[in-house]
Each structure stands twice: as structure tokens, then as C-alpha cells.
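**Q** This is the structure I have questions about; it appears just below.
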Amino acid sequence: MKEKKLNLFLLITLIVGTIIGGGIFNSPTDLILKANPLAALIAWIIGGFGILMLALVFYKLAIIKPDLNGGIYTYAKEGFGNYVGFNSFWGYWLGAIFGNIAFISLFFKTLNSMLPHQLSPFGCFIGGSIILWGYTLIVWHGVREVSILNSVITIAKVLPLILVIIIGITLFQPHIFSVPHWTQQLVSTGKTVNLSQQIGQSMSTIVWCFVGIEAAVSMSRRAKKHSEVGLATVISFVIVWSLYVLVSLLPMGIVSAPELSTSSVPLATVLSKSVIGSWGCINY
């Protein structure tokens, strides 16, 4: 039976879905605690340029090294030998395991915030195990099938973000975004922090946001056209960078920095400022 391959759309949704996790929902609060809005914008431009260079490296490697189709660790093995290749593969696998744990934890944290009676830790453990094993069974059934499921989940994640962006644009107020003394003092905490420190502190959040950009490379042997692996990586970068910049910066022009810095659900706080009102805000 001929193996079903992944087309460009499935590769793009694979990367976008892998990169966009729970971090995007807390990114406004994470950044406002480290940098003022204009400094965060500069950090996104600098960090985005760096990640774009990485995406272009993957794009070029997919063209000149089409035989290296076993995942990102094959580049490490080819360049530095078996020992480095093994450790690269093991580290990548370990990172994926911890990523699944973080996802399940965030899922049940959010679920408990909406339930009248919270699930017990044991109940969360059972529920998380069912989700993980259910997804594993789908993967065993076929990579294309799980990629289609992933594309549905990715679209479900992106649509609410687009809603927040549209609402955010209508509510954006430049005078809230452009804070005084932004190169010298954090408006969220009042601490004296210069511009270079703000940008440097923001980079840890920005770089972390793009963990998973190598997802298409890991699935390159299952792509219909190997040339589409690099193209999917670059397109996915543009989509994710645009979403992250808008989602993290627009709230800084809607909610005051002190309020945003203490918000446990920053995007819900943004929605509460709109016509949706308190209906769109989860109270913990």
C-alpha cells in the first residue's frame, strides 16, 4: 500500500500548530514585565530577523541536501558525526516529551477555570493520559491522518487569535502604547531598565515562542515534494511571527501596563474591554 504523503498545506499547519502553544496567550503579560511596548516591538523585529535567518537555513538545506530527510538531527549527524547526531535526536525527543506535559497541564488548568467544580489532580492525570494515548493511536494509524487532525486543531487555535486581533485593532489607543520614558523605566513595575536590557530580556520569550519551527524538517521524508519543506518553513514563520507580534503588542495599546502585568488571562482582559464585556473574560 502506497504511503500517503503530506502536501504544502498540511506541512504549514503542522509547523504553525507545533509553534503556537499556550505561550501565545500569556505573551502580552510575559513581555510587558520585561519591556515597554515600543521596546518589545523593536525586540520582535530583531528576534524575528534572527528566526527568519534560521528558517532560510532550513529552506536552503532542504534544497541542497534533499537526502537528509530523517529530521533535524540528521543535519547534526552529517555535520558533526554520530555522537552529536544521537544527542541531538535524544534532546529533541526529550523536549517533545516535556512539551506534551506542558500542553496537558495548561489544558486542564484552563478547563478547571471554566468548570463549577474543579477536577482533582488524579482526575487530570487520567484525563491527560486518555488524551495522550488517544493521540498516539491516531499517529499509529497513519501520519497523514494525524496531520489532517492537526490542521483542524491548528485552525481552531488560530481563529480565536484572529478574533482577538480584529477586536484589538478597533480598540487600540496609541497614547496607551507609547508610554513616557520608555527607554529608561519599565512602566509596568517602575523599575529602571534601559533599552538594551529591555530588548535582551525580551529575547528569551521571543526565541521560546518559535520552538517547533523545524517541524517540517522532522517530517520531510513524508512530504509529497521535498522542495516544499523549506517553503512551508518560511511561510509558517511569516504567519506565526505576524500572529505573535499582533497578539502580544495590541493588548499593550488597550490595557494599561500595570493592569496587563497582573492579568492571569491577558487576552480575556482585552475582550472584556470590548463590546463582549465581562462575558468574554474568565474569572479565576
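**Q** Here are some residues: ALA62, ALA43. Which one is in a helix (DSSP H, G or I) and over 19 Å from the mean Cα position of the chain (by Cα)?
**A** None of the other options fit; the residue is ALA62.
**Q** Identify, from the list SER188, SER202, the residue that is at pLDDT 90 or above and small (Gly, Ala, Ser). I'd like the intermediate steps shown before the answer.
**A** Details: SER188 fails: at pLDDT 90 or above.
After applying the criteria, what remains is SER202.
**Q** Tell me, yes or no, whether segment 140-156 has at least one residue that is within 13 Å of VAL270 (Cβ to Cβ) and either charged (D, E, K, R) or part of a helix (DSSP H, G or I) (or both).
**A** No.
Residue-by-condition table, conditions (1) in contact with a Phe, Trp or Tyr (Cβ under 7 Å, 6 or more places away or on another chain); (2) farther than 30 Å from LEU11 by Cβ; (3) of a type in the set (S, T, N, Q):
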| site | (1), (2), (3) |
| --- | --- |
| TRP44 | no, no, no |
| TYR75 | no, no, no |
| ASN82 | no, no, yes |
| GLY85 | yes, no, no |
| ALA96 | no, no, no |
| THR110 | no, no, yes |
| CYS124 | yes, yes, no |
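**Q** Follow-up. Could you give me the residue pairs with C-beta distances under 7 Å whose first residue belongs to segment 258-270 and is within 17 Å of LEU186 (Cβ to Cβ), whose second residue is modelled with pLDDT of 85 or more and surrounded by fewer than 18 Cβ atoms within 10 Å (Cβ to Cβ) wherever it lies, and which are 6+ apart or on separate chains?
**A** Here the result reads SER261/THR189, each pair linking segment 258-270 to a residue that is modelled with pLDDT of 85 or more and surrounded by fewer than 18 Cβ atoms within 10 Å (Cβ to Cβ).
**Q** Within segment 64-83, identify whether any single residue is out of contact with any Cys (no Cβ under 7 Å at 6 or more places or on another chain), at pLDDT below 85 and on the phi > 0 side of the Ramachandran plot, and answer yes or no.
**A** Scanning segment 64-83, I find at least one residue that is out of contact with any Cys (no Cβ under 7 Å at 6 or more places or on another chain), at pLDDT below 85 and on the phi > 0 side of the Ramachandran plot, so the answer is yes.
**Q** If you don't mind, another one. Filter segment 84-100 down to residues that are of a type in the set (A, V, I, L, M) and surrounded by 12 or more Cβ atoms within 10 Å (Cβ to Cβ) and give me whichever is nearest to the chain's Cα centre (by Cα).
**A** Step one: list which residues in segment 84-100 are of a type in the set (A, V, I, L, M), which gives 84, 94, 96-97.
Going one step further and asking which of them are surrounded by 12 or more Cβ atoms within 10 Å (Cβ to Cβ), we end up with 84, 96.
Working: VAL84: 27, ALA96: 14 Å.
That would be ALA96.
**Q** Which residues, counting only those in segment 167-196, are surrounded by 12 or more Cβ atoms within 10 Å (Cβ to Cβ) and in a helix (DSSP H, G or I)?
**A** The answer is ILE167, GLY168, ILE169, LEU171, ILE176, PHE177, LEU195.
**Q** If you don't mind, another one. Which residues, counting only those in segment 102-127, are in a loop (DSSP other than H, G, I, E, B) and either of a type in the set (Asp, Glu) or loosely packed, with under 13 Cβ neighbours inside 10 Å (or both)? Walk me through it before giving the result.
**A** Restricting attention to segment 102-127, the residues satisfying the condition of being in a loop (DSSP other than H, G, I, E, B) are 115-120.
Hits for segment 102-127 are LEU115, PRO116, HIS117, SER120.
**Q** Considering segment 202-259 alone, what residues qualify as being of a type in the set (Ser, Thr, Tyr) and either more than 17 Å from the chain's Cα centre (by Cα) or part of a loop (DSSP other than H, G, I, E, B) (or both)?
**A** SER218, SER220, SER227, SER256
The values are calculated or read from the model by the stated rules, or taken from the named source; none is laboratory data. In this text, all values refer to a predicted model and were calculated from it rather than measured experimentally. Heads up, the Cβs are rebuilt from the backbone with ideal geometry, glycines too, and the neighbour counts pull from every protein chain shown.
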